[in-house]
Amino acid sequence: MSEIKILPLLYDLILWYVQKINLYPKKFKYSLGERIVSCFLDLLERVIEARYASGKKSHFLRQANLQLEKLRYLVRLSKDLQCITIKDYEYVIRQTTEIGRMIGGWEKYSKDME
């Protein structure tokens, strides 16, 4: 099931991206960089909450989708401000697209089970 595979994928992406934050220019490291880390952690929390929620998981999954969308824009901004490379951006987008698919599939499955 998606919820089992999504946590390690998301966790690994967070570990990878946190290391990239260290390479941000100082003027963006503590504003944009911390905002991205915070968004990643909020996303992780929503996924964990959905994983362990009894009953309606769709609320947490919708919140996770919202966090994911915010994250995509913040990462895009990082790319446009040249805080990350195009190659790094493409990697994050591929990973977040996969995570989004998993969340969407999980949400559909959860609604069918409710």
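The values are calculated or read from the model by the stated rules, or taken from the named source; none is laboratory data. Since this is a predicted model, take the numbers as computed values, not measurements. Neighbour counts are summed over all protein chains in view; Cβ atoms, including those assigned to glycine, are modelled from backbone coordinates with ideal geometry. In case anyone asks, the SASA skips ligands and DNA or RNA and just uses the protein heavy atoms, side chains included. Shrake-Rupley method; radii C 1.70, N 1.55, O 1.52, S 1.80 Å.
Data overview
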{"item": "Net dipole in debye of the chain [+1 Lys, Arg Cβ; -1 Asp, Glu Cβ; about Cα centre; nearest 20]", "result": "300 debye"}
{"item": "Highest-fluctuation residue, 56, 79, 87 considered, GNM on the chain with Cα pairs under 10 Å", "result": "87"}
{"item": "Top of 54, 78, 38 by mean-square fluctuation, Gaussian network on the chain, Cα under 10 Å", "result": "54"}
{"item": "DSSP H segments from the chain that extend 18 Å or more along their own axis, Cα-based, with Kyte-Doolittle mean of 0.5 or above", "result": "2-21"}
{"item": "Per-residue [θ]222 nm for the chain (sum of -39500 (n - 2.57) over DSSP H runs n ≥ 4, rounded to 500)", "result": "-27500 deg cm²/dmol"}
{"item": "Summed side-chain charge close to residue 36 - residues other than residue 36 whose Cβ falls under 10 Å, Lys, Arg +1, Asp, Glu -1", "result": "+2"}
{"item": "Rounded if a/c under 1.5, otherwise prolate or oblate - the chain, Cα gyration tensor axes", "result": "prolate"}
{"item": "Three-way shape label, the range 56-100, alpha-carbon gyration tensor, a/c 1.5", "result": "oblate"}
{"item": "Carbon/sulfur fraction of accessible area - the range 1-89, other protein chains in place, 1.4 Å, %", "result": "55 percent"}
{"item": "Farthest positive-ward along the chain dipole, Cα basis, beta-carbon charges - from 99, 18, 43", "result": "18"}
{"item": "1.4 Å probe accessible area per residue over the chain, in Å²", "result": "61 Å²"}
{"item": "Prolate/oblate/rounded label for the range 1-57 (Cα gyration tensor, a/c 1.5)", "result": "oblate"}
{"item": "Cβ charges +1 (Lys, Arg) and -1 (Asp, Glu), total dipole of the range 1-60, debye", "result": "200 debye"}
